[in-house]
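> What follows is a single structure, and I will ask about it in a moment.
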Amino acid sequence: MIDFYFWTTPNGYKVLQFLEETGLEYRAIPVNIAKGEQFDPEFLKISPNNKIPAIVDHAPAQGDSPITVFESGAILLYLAEKTGQFIPSDLAGRHDVLQWLFWQMAGLGPMAGQNLHFTQYANEILPYAIDRYVAETSRLFRVLDNQLAGKDYITGDYSIADMAVYPWIAIHQNLGQNLNDYPNIERWLEHIANRPATMRAYQWKAGKKQATPVAA
């Protein structure tokens, strides 16, 4: 059993997609970040950076003691290694997936997050910051669109790289991006949105699972 601490943000949906794809048994524990529950002392023991998602694996592949993992990219990698799924076993393929996973963690996620902050949540309008982060988001979308040319998925086969990237691309409208400018992304996005596991993952809204599947 895996305890999954989450909220319905792009980083939370990443791990939900993996759990639904693999059928791993998990217990969802919502952490309402709007109410500050990520600062609860008990949660900080699991995720010291006060961020979701985080997991506690009560049945790790090695040893008897539960394993705690925080940071969404680290969780995806841990689960992929635990199950042997959605990451290639050959050296070149593995590192191809990992570099795109790290691209999302170091580039797309932080830049898109700043985009959202300055365009939607900042207390004052700062044109320089808005222009900077929207432009960088556009650049990253172009990088991904080029990578997807002639491919169904980012590295060929569906992997944790796709799961990491998808939730951030699914909010393209909030990021000021028009998918007409990125035809390869548009095709890829639709393909993943129609996966049954993606639909099941996106049933979770505001920390609760809805009765009707909702595609991004």
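> With springs only between Cα atoms under 10 Å apart, run a GNM on the chain and tell me which of N50, N180, N115 wobbles the most.
Most flexible of the set in this elastic network: N180.
> Right, next: With both bridge residues required to lie in the chain, what share of the DSSP beta bridges run antiparallel, to the nearest 5%? Mind showing how you got there, number by number?
Numbers: 10 of 15 bridges.
Percent antiparallel among DSSP bridges in the chain is about 65.
> GluC sites (Glu not before Pro) within segment 115-216: which are DSSP loop residues with at most 10 other Cβ atoms inside 10 Å?
Values: sites: E124, E136, E186, E190; in loops: E124.
The qualifying sites are E124.
> Among residues other than Q177 whose Cβ falls under 13 Å from its Cβ, what is the net charge (Lys/Arg +1, Asp/Glu -1)?
Once all neighbours under 13 Å are counted, the net charge is -2.
> Distance cut-off 18 Å, Cα to Cα: go down the list K82/K209; K35/K208; K51/K209 and report the pairs above it.
Numbers: K82/K209 26 Å; K35/K208 15 Å; K51/K209 21 Å.
Long pairs (Cα-Cα over 18 Å): K82/K209; K51/K209.
> In addition: Please arrange S89, S138, S72 by counting, for each residue, the other beta carbons lying within 10 Å of its beta carbon, fewest first.
In increasing order of surrounding Cβ atoms, one gets S89, S138, S72.
> When the helix-only estimate is applied to the chain (DSSP H runs of n ≥ 4, each -39,500 (n - 2.57), divided by the residue count), what is the mean residue ellipticity at 222 nm, nearest 500 deg cm²/dmol?
Values: 9 runs with 98 residues, N = 216.
Estimated from H runs of four or more residues: -13500 deg cm²/dmol.
Here, each number is a calculation from the coordinates, and none is a lab measurement. This one's a predicted model, so the numbers in the text were calculated from it and none came from an experiment. Methodologically, a virtual Cβ is constructed for each residue, glycine included, from the backbone with ideal geometry; neighbour enumeration extends over all protein chains shown.
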